Amino acid sequence: EVKLVESGGGLVQPGGSLKLSCATSGFTFSDYYMYWVRQTPEKRLEWVAYISNGGGSTYYPDTVKGRFTISRDNAKNTLYLQMSRLKSEDTAMYYCARHKESYYGNYFDYWGQGTTLTVSS
Amino acid sequence: DIQMTQNKSSLSASLGDRVTISCRASQDISNYLNWYQQKPDGTVKLLIYYTSRLQSGVPSRFSGSGSGTDYSLTISNLEQEDIATYFCQQGNTLPYTFGGGTKLEIK
């Protein structure tokens, strides 16, 4: 059974840092690109980072570029998101998601249960 | 970026109804359209990929259709467990953007 379990969320002051983790099991982690997707308080879904299966390629939207760093440890089957210089607009539920690319396009076939980040003084 | 629009943020229906949720892309996405279900507890699940292909384990009362820029998700014979928010997502072009969601409620 595929499982993704996020942890590390919490309350952080503006300008602070936090590191999220996503522990995975039930599949060959090193075969898949992985994403972090967040859901804002307004319930909008937006991706904030992705990483290639080997970890050599990463990509971020402009909203978090330079502040967030995605990484992975394929030996530990774990995905990470290091967040720094946090802003109030980073407040969201953060999900890790497994990316599937096929003839049928690109989609997220498994999601974790999410971990909440609140940025507030 | 491709903009995804779900014109109804909420929708009310009765158990047993046939429900259709719509999604429009700002440009042709060549059927690379996916649907997700988010339950009230936050759990997110892939329902349909590539417009109409059912993810394994998804009940057959869910179906998808569409082409070009316009797509829809249909739930036939609405059940209580279908109460959730439904999001579309285009898988054609990076960044893979989502619609704003349609919250399905019981009338």
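None of the figures in this text is laboratory data; all of them are computed from the coordinates on show. Given the structure is predicted, the values throughout are model-derived calculations rather than measurements. No Cβ is skipped: glycine too gets one built from the backbone with ideal geometry, and neighbour counts run over all protein chains shown.
Using r as the Cβ-Cβ distance of B:Glu81 and A:Glu46, and R0 as 22 Å, what FRET efficiency do you calculate, to the nearest 0.05?
0.20
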Listed by chain and number, the residues whose amide H is under 5 Å from that of B:Lys103, excluding neighbours fewer than 5 places away on the same chain and using placed H, are B:Ser10, B:Leu11, B:Tyr86
The answer for the net charge of residues other than B:Gln3 whose Cβ lies under 15 angstrom from its Cβ, with Lys and Arg +1 and Asp and Glu -1, is -2
Expressed in nanometres to one decimal, the distance between label points 7 Å along Cα→Cβ at B:Asp17 and A:Lys3 is 3.8
Neighbours of B:Arg61 by Cβ distance under 15 Å: Lys/Arg at +1, Asp/Glu at -1, summed charge -2
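Can you give the net charge of the other residues whose Cβ lies under 10 Å from the Cβ of B:Leu15, counting K and R as +1 and D and E as -1? If you can, show how the numbers build up before the last one.
On the way: positive: B:Lys107; negative: B:Asp17, B:Glu79, B:Asp82.
Taking every other residue near B:Leu15 into account, the sum is -2.
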Listed by chain and number, the aspartates and glutamates with an alpha carbon less than 15 angstrom from that of A:Lys87, same-chain partners under 8 positions apart left out, are A:Asp62
Normalised per residue, the volume inside the convex hull of the alpha-carbon atoms of the protein assembly as shown in Å³ amounts to 115
Contact order relative to length for region B:1-75, counting C-alpha pairs under 8 Å separated by 6 or more residues, stands in percent at 31
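Could you tell me which chymotrypsin sites (Phe, Trp or Tyr not before Pro) in region A:79-121 are loop residues by DSSP with no more than 13 other beta carbons within 10 angstrom of their beta carbon?
Taking region A:79-121 and a limit of 13 other Cβ atoms within 10 Å, the loop chymotrypsin sites (Phe, Trp or Tyr not before Pro) found are A:Tyr103.
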Expected max-MSF residue from A:Arg67, A:Arg44, A:Arg98 in the GNM of chain A (alpha carbon, under 10 Å) is A:Arg44
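Calculate the FRET efficiency for A:Lys76 and B:Ser10 from the Cβ-Cβ distance with a Förster distance of 41 Å, rounded to the nearest 0.05.
Working: r = 41 Å, r/R0 = 1.01.
Once rounded, the FRET efficiency stands at 0.50.
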